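Worksheet for the structure shown next.
The values are calculated or read from the model by the stated rules, or taken from the named source; none is laboratory data. All values derive from a computational prediction rather than experimental measurement. No Cβ is skipped: glycine too gets one built from the backbone with ideal geometry, and neighbour counts run over all protein chains shown. Accessible surface areas use protein heavy atoms only, side chains included; no ligands, DNA or RNA. Shrake-Rupley method; radii C 1.70, N 1.55, O 1.52, S 1.80 Å.
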Amino acid sequence: MKTSENPQLSTLNSPLSTLNSPLVPPGYKQTEVGVIPEEWEVFSLIDRAKRITDGEHLTPNRSDSGYYLLSARNIHNGRVDLSDVDYVGEEEYRRIRQRCNPETGDVLISCSGTVGRIATMPKGLECVMVRSAALVKPDATKLSGVFVQYFLQSADGQKQIFASLNQGAQANLFLNHIQKLRVPLPPTKAEQEAIAEALSDADALIESMEQLLTKKHHLKQGAMQELLTGKNRLPGFAVKPGYKQTEVGMIPEDWHPTTIGALALKVGSGITPKGGSSKYKDYGRPFVRSQNVGCGILLLSELAYIDDDTHNNFSATELRQNDVLLNITGASIGRCAIADARLAGGNVNQHVCIIRTDADKVSSCFINYFLLSDLGQRQIDSFQAGGNREGLNFGQIRSIKLPLPPNKTEQTAIAAILHDMDAEIAALEAKLAKARQLKQGMMQELLTGKIRLI
């Protein structure tokens, strides 16, 4: 692997900003798509493709089964998604194939709707397309379809695509625009394929992490269902054998049904200061808004602050550590999290409800997890007339029913299990975010020849 030794290369930004830049290192040249190695060349896509076309312009006769009929919605970044796909029979399939015949390694581009999504045709997929998808058939002797896919997914490729869009009410990408897309190419197809393979390996790692993360989320949801209803008791806590039917479902004999109102010392929200955001400060007392409350996590990157004078006017809504924060209006109704030491002494606005319990008797973390569970969310949804999620009032919050273990020790143990699962998920999400970031860096370096593999 070789790379430029010129440290100034890392300062290059967009192609337009570097057209006349004196910072081009030895062995590289400035082009309309940016700085690339001397031996690389820039070609229009049509110059290295056998054919560029789009799908059927007439409305196909669809069927319940048969051959796949792809549209723009089936093209995701790097893959063909068949979770929501139409079909055509053999007669339509053969007719449409005369216009567009997708084959392994061909590049697919979404041309309407969500424009600019790219995928490469996988092996063994028998399909045709409608007009919202375009097809690029690379000249197999000169061009790797997977290399083209990654370039068009890159920032430079997407910039060209969106610069080509028509300015009508609904943006569309037309064939003449696709034909003119400019692609920087290594001198050999072997180098294109090496770059494509490296990026494909990065994608495979990301996909495996995404699958693992999905599995962890499913396991946690199952654990919440089992633990928060007592279907699965932790060792040493089952005192009285058997189960009983209650208004909150089947629960252990030694658990009892109750409500938020019966457990809470406080259920209430705050207000926004007069003057709104003009009253917010860069430091001071934390002021929690609905965007700061996630599903079990605090989102504090946009946390606002108020001064002590404003806080003193809102003394009834002063936050304490371990308060449950529940969003009660807007699209984020039902999201809840626990207030930690960072928020203690702060306040909430009218969109966030404080649920405070007796810390000696009830675990606020147990209540928080119950509200996030399917049982809790279904009750919250049931309060929204017609499903429009207009808002929760305090009476509705107090009426939320839940099953409760007989002592705080068991409540805390259940919450600790779920917290550990959350921590594992958070760590995996951080690794996934890093893998995605690294792949973006790889694309920038490999697709412009800053790092060479051959």
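Here ASN327 passes the criteria (1) farther than 19 Å from GLN379 by Cβ; (2) polar (S, T, N, Q); (3) at pLDDT 95 or above except the one numbered (1).
The numbered conditions (1) crowded, with 16+ Cβ neighbours inside 10 Å; (2) more than 23 Å from GLY105 (Cα to Cα); (3) of a type in the set (Gly, Ala, Ser); (4) under 25 Å from the mean Cα position of the chain (by Cα) are all true for SER164 except (4).
The residue pairs whose first member lies in segment 18-32 and is of a type in the set (Lys, Arg), whose second member is at pLDDT 55 or above and exposed (fewer than 14 other Cβ atoms within 10 Å of the Cβ), and whose beta carbons are closer than 8 Å, counting only pairs six or more residues apart or on different chains, are LYS29/GLU38. Residue count for segment 74-91 satisfying the condition of being modelled with pLDDT under 95 and buried (at least 18 other Cβ atoms within 10 Å of the Cβ): 1. Residues that are open to solvent by 20 Å² or more (accessible area, probe 1.4 Å), under 30 Å from ILE367 (Cα atoms) and not polar (S, T, N, Q) are absent from segment 144-151 altogether. Any residue in segment 396-418 that is closer than 30 Å to SER208 by Cα, free of Cβ contacts under 8 Å to residues at least 60 places away in the same chain and not acidic (Asp, Glu)? Scanning segment 396-418, I find at least one residue that is closer than 30 Å to SER208 by Cα, free of Cβ contacts under 8 Å to residues at least 60 places away in the same chain and not acidic (Asp, Glu), so the answer is yes. Would you confirm whether or not segment 309-319 contains a residue that is in a loop (DSSP other than H, G, I, E, B), in contact with a strand residue (DSSP E or B) (Cβ under 7 Å, 6 or more places away or on another chain), without any contact (Cβ under 8 Å) to a residue 24 or more places away in the chain and aromatic (Phe, Trp, Tyr)? Checking segment 309-319: not a single residue is in a loop (DSSP other than H, G, I, E, B), in contact with a strand residue (DSSP E or B) (Cβ under 7 Å, 6 or more places away or on another chain), without any contact (Cβ under 8 Å) to a residue 24 or more places away in the chain and aromatic (Phe, Trp, Tyr).
For every residue, the table says whether it meets (1) more than 21 Å from ASN368 (Cα to Cα); (2) at pLDDT below 95.
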| residue | (1), (2) |
| --- | --- |
| ARG233 | no, yes |
| GLY236 | yes, yes |
| THR258 | no, no |
| GLY261 | no, no |
| VAL267 | no, no |
| THR272 | yes, yes |
| ASN292 | no, no |
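Taken over segment 282-307, the criterion of being assigned to a loop (DSSP other than H, G, I, E, B) and among the hydroxyl-bearing types (Ser, Thr, Tyr) is satisfied by TYR283, SER301.
Output the residues belonging to segment 304-336 that are hydrophobic (A, V, I, L, M, F, W, C) and under 11 Å from VAL348 (Cα atoms). Steps first, answer last, please.
The initial filter retains those residues of segment 304-336 that are hydrophobic (A, V, I, L, M, F, W, C), namely 304, 306, 314, 316, 319, 324-326, 328, 331, 333, 336.
Selection gives ALA304, ILE306, PHE314, ALA316, LEU319, LEU325, LEU326.
Pick from segment 167-188 the residues that are outside any loop (DSSP other than H, G, I, E, B) and more than 14 Å from THR448 (Cα to Cα): which of them is least open to solvent (accessible area, probe 1.4 Å)? Lay out the reasoning, then the answer.
Our first condition is that a residue be outside any loop (DSSP other than H, G, I, E, B); within segment 167-188, this holds for 175-180, 182-185.
Checking the rest, the ones that are also more than 14 Å from THR448 (Cα to Cα) come to 175-180.
Working: LEU175: 44, ASN176: 73, HIS177: 44, ILE178: 0, GLN179: 62, LYS180: 136 Å².
By that ranking, first place goes to ILE178.
Matching residues to (1) open to solvent by less than 50 Å² (accessible area, probe 1.4 Å); (2) within 23 Å of ILE251 (Cα to Cα); (3) part of a helix (DSSP H, G or I):
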{"site": "ASN322", "(1), (2), (3)": "no, no, no"}
{"site": "ARG398", "(1), (2), (3)": "no, yes, yes"}
{"site": "ALA413", "(1), (2), (3)": "yes, yes, yes"}
{"site": "ILE417", "(1), (2), (3)": "no, yes, yes"}
{"site": "ASP422", "(1), (2), (3)": "yes, no, yes"}
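ALA223 meets the conditions (1) open to solvent by 40 Å² or more (accessible area, probe 1.4 Å); (2) under 25 Å from the mean Cα position of the chain (by Cα); (3) in contact (Cβ under 8 Å) with a residue 60 or more places away in the chain in every case but one. The failed one is (1).
Conditions (1) open to solvent by 90 Å² or more (accessible area, probe 1.4 Å); (2) closer than 17 Å to PRO403 by Cβ; (3) in contact with a helix residue (DSSP H, G or I) (Cβ under 8 Å, 6 or more places away or on another chain); (4) part of a helix (DSSP H, G or I), marked per residue:
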{"position": "ALA190", "(1), (2), (3), (4)": "no, no, no, yes"}
{"position": "ALA202", "(1), (2), (3), (4)": "no, no, yes, yes"}
{"position": "LEU205", "(1), (2), (3), (4)": "yes, no, yes, yes"}
{"position": "LEU212", "(1), (2), (3), (4)": "no, no, yes, yes"}
{"position": "THR229", "(1), (2), (3), (4)": "no, yes, yes, no"}
{"position": "GLY236", "(1), (2), (3), (4)": "no, no, no, no"}
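State all residues of segment 406-454 that are of a type in the set (Gly, Ala, Ser) and touching a strand residue (DSSP E or B) at 6+ places or on another chain (Cβ under 8 Å); if no residue qualifies, say none.
Filtering segment 406-454 down to residues of a type in the set (Gly, Ala, Ser) leaves 413, 415-416, 423, 426-427, 430, 433, 435, 441, 449.
Selection gives GLY449 alone.
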